[in-house]
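These notes concern the structure reproduced below.
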Amino acid sequence: MSDVATQQITYNCHNSVAYYNSKNSTLDQAIKLLTSDENILTADSKPSLTYKMLSDSCQNGNVDEWGRTIFEVKTSKAQRLPIVDIAPYLSEDPTQEIELQLGEVCFS
């Protein structure tokens, strides 16, 4: 059995925050991820129930342009992956758009 499982999630954003909101200096709008074993991963959970942000160009809300935030979930509990659901923060802005890309699960 594998020791580590890893999956990347790419969040393409238009007028949307994926992780860090630079206007408020908070993680209040960070996405939540649901694992295969029904755990919820958040930006500020304990280390075993969080994810890593690899890059974030969505933190300004990206007015009138597209940005990208890349997340990585890395766990020693292979049964947690793949990610089965994602809860983004949705504002009331009708121009908000997001596109999600879930990478394959890699075992090592």
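FYI, it's all coordinate maths here, none of it is from the lab. Here the structure is a predicted model, which means the values were calculated and not measured. Using ideal geometry, Cβ is built from the backbone for each residue, glycine included, and neighbour counts are taken over all protein chains shown.
Per-residue 3J(HN,Hα) values for segment 23-37, derived from phi via the Karplus relation 6.51 cos²θ - 1.76 cosθ + 1.60 with θ = phi - 60°, read 6, 9, 6, 9, 9, 4, 9, 5, 5, 10, 10, 9, 8, 4, 9 Hz in sequence order (x marks Gly and Pro). Qualifying GluC sites (Glu not before Pro) in the chain, where qualification requires a DSSP coil assignment and no more than 12 other C-beta atoms within 10 Å, comprise Glu38, Glu65, Glu92, Glu104.
Using a Förster distance of 25 angstrom, determine the FRET efficiency expected from the C-beta separation of Glu104 and Leu27, and round it to 0.05. Let's see the in-between values first.
Numbers: r = 27 Å, r/R0 = 1.07.
So the FRET efficiency works out to roughly 0.40.
Place the peptides 24-34, 9-19 in order of packing, highest mean first, counting for every residue the other Cβ atoms within 10 Å and averaging per peptide. The partial results should precede the final answer.
Details: 24-34: 16.2, 9-19: 22.3.
Going from most to least packed, we get 9-19, 24-34.
Shape analysis of the chain yields a ratio of the Cα radius of gyration to the Kirkwood radius, Rg/Rh, of 0.99. Residues of segment 3-47 falling in the label zone of Ser91, defined by backbone nitrogen less than 17 Å from a point 7 Å along Cα to beta-carbon, are 12-31. Fully extending the segment from Ser2 to Gln79, taken as 0.36 nm per residue of separation minus the present Cα-Cα distance, adds 26.7 nm.
So if I place +1 on the C-beta of Lys and Arg and -1 on the C-beta of Asp and Glu, and nothing else carries charge, what would the dipole magnitude of the chain be about its Cα centre? I want it in debye, nearest 20.
Working: 8 positive and 15 negative charges, 94 e Å.
Its charge dipole is roughly 460 debye.
Normalised by 2.2 N^0.38 Å, where N is the number of residues, the C-alpha radius of gyration of segment 49-94 stands at 1.45.
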